[in-house]
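One structure below.
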Amino acid sequence: MLKLYTDAYYLTPENRKFIFPLLLDLWYVPNANLLAKYQIVFDIEECDIAVIPIDIAKYDNSGNQKKLFSFISEANKFGKKIWIYSAGDFGRTIKNTTNVYTFRLGGFDSKLEMKTFIFPSFISDPLQYLNTEFSPLEKKEMPQIGFVGHANNSTEKRIKEVLNYFKYNTKRFLAKVRTDYQPFFPSSLKRFQLLKKLEKSNLIKTDFIYRTSYRAGVQNDDDLRKTTTEFFENIAHNPYTFCMRGAGNFSVRFYETLALGRIPIVVDTDFRLPFADHIDWKKHCLICKEENIVEAFINFHQKISSNNFEEMQKNNRKLWETHLEREAYFLQIYSIFLENKK
């Protein structure tokens, strides 16, 4: 059992959308499997880990930086490990602090501290959405890759990307937001260019649907259901799916591909994946550079045997179930920190 202390003042209905995700399952919607491993206590001296209850950006927005660092200081005084949650596309690591472990969605692996844990995107099971069961696809002679999403090469989009970048970094400069710096990365444009590069190869079969806006700019529930179904069916019907970061240095599509038991082809943008010290990610996806994505993809498909091709799909679905689904993720985190407790 790991005992967690947090500031119960923040455990309100209004803060539910900003709460440290584990606390959702311990406080708001109790999860029996997680409650068997974790216990919330209300005396910091009794705890194993002190948990900042909400996304640390909310302390910025309300001008409560002093409260954040006071919590950290109090936990340090008692020699407690501290868990911090930094949500959103960009995220933030609080540096030069003792015993602090940061949980965030992305960031740059070469710049992240060792005590940084990457959250997967906690998605609902897409197999349930499609009302189907998992089944691996057979290997065919020609590799087949799918993609449905925002990929736009228009001049208007280029200008918008630049303006949004400078607008956001002006807020950073003025300390209106406190996030780690990211260099300019026009994700929609980059996706478009690489997808076209894959399409040009006569050794690759592509199944791409380009959207000119995020989520196809849906305006109603019917359109949302239609485009979501189209998105998941594209992943399910293709053994490979093209995955590349968006505004933040992570890909939600990557986790959706694993959940459907398919193989992500991931563009290396110096990202860090969950449990990087425990999972050999090369057994679950192909990570390649922009400049040689076509060659790397063709070579990968040619070398993998039919049996290993199907096994990788099975293992990807299993990995999502045992490590990347929300309950499973925090059961794995429990094992890691319980071992550290001994």
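Rule-based calculations on the coordinates, nothing more; no lab input. In this text the structure is predicted, and so the values were computed from the model without any measurement. Here the Cβ is made from the backbone with ideal geometry for all residues, glycine too, and neighbour counts use every protein chain on show.
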How compact and how long is the range 1-152, expressed as Rg and Dmax of its alpha-carbon atoms in Å?
-> 19.2, 62
Could you list THR322, THR155 in order of exposure, starting from the residue whose Cβ has the fewest other Cβ atoms within 10 Å?
-> THR155, THR322
Given charges of +1 on the Cβ of Lys and Arg and -1 on the Cβ of Asp and Glu, with all other atoms neutral, how large is the dipole of the range 126-324 about its Cα centre, in debye to the nearest 20?
-> 760
On a 0 to 90 degree scale, rounded to 10, what angle separates helix 306-319 from the longest Cα axis of the chain?
-> 30
Using a Förster distance of 41 Å, the FRET efficiency for THR12-HIS237 (Cβ separation, nearest 0.05) | 0.40
Quick note on LYS282, LYS176, LYS160, ordering by fewest other C-beta atoms within 10 Å, gives LYS282, LYS176, LYS160
Before anything else, pin down the relative contact order of the chain: Cα pairs under 8 Å, at least 6 apart, normalised by residue count, whole percent.
-> 18
When the charge dipole of the range 126-324 is computed with +1 at the Cβ of Lys and Arg and -1 at the Cβ of Asp and Glu, the Cα pointing farthest to the positive end, of ILE298, PHE184, TRP320, is that of PHE184
³J(HN,Hα) across the range 248-254 via Karplus (A = 6.51, B = -1.76, C = 1.60, θ = phi - 60°), whole Hz, x for Gly/Pro?
-> x, 7, 6, 10, 5, 4, 4
Whole-number D in µm² s⁻¹ for the range 77-126, Kirkwood Cα-pair radius fed into Stokes-Einstein, 25 °C, 0.890 mPa s | 205
Ignoring the sites themselves, what is the longest stretch of the chain with no GluC sites (Glu not before Pro) in a DSSP loop and at most 12 other beta-carbon atoms within 10 Å?
-> 142-342
Report, in debye and to the nearest 20, how large the dipole of the range 118-171 comes out about its Cα centre when Lys and Arg carry +1 and Asp and Glu carry -1 on their Cβ.
-> 480
Among ASN164, PHE117, THR132, which residue has its Cα positioned farthest towards the positive end of the charge dipole of the range 97-177, with +1 placed on the Cβ of Lys and Arg, -1 on the Cβ of Asp and Glu, and the dipole taken about the Cα centre?
-> ASN164
If all Cα-Cα distances of the chain are sorted into 10 Å bins from 0 onward, what percent lands in each bin, rounded to whole numbers?
-> 5, 23, 31, 25, 13, 3, 0
In degrees rounded to 10, the 0-90 angle between helix 221-237 Cα long axis and the longest Cα principal axis of the chain is 70
At q = 0.10, 0.16, 0.17, 0.18 Å⁻¹, base-10 log of I(q)/I(0) for the range 126-324 (Debye sum, equal scatterers on each alpha carbon) | -0.45, -1.12, -1.23, -1.34
Note the full-extension length gain between LEU338 and LEU224 as 0.36 nm times their separation in residues minus their Cα-Cα distance, in nm to one decimal.
-> 36.9 nm
Residue order, fewest to most surrounding Cβ atoms within 10 angstrom, among VAL294, VAL41, VAL266 = VAL41, VAL294, VAL266
If you place +1 on the Cβ of every Lys and Arg, -1 on the Cβ of every Asp and Glu, and leave all else neutral, what size is the dipole of the range 79-180 about its Cα centre, to the nearest 20 Debye?
-> 840
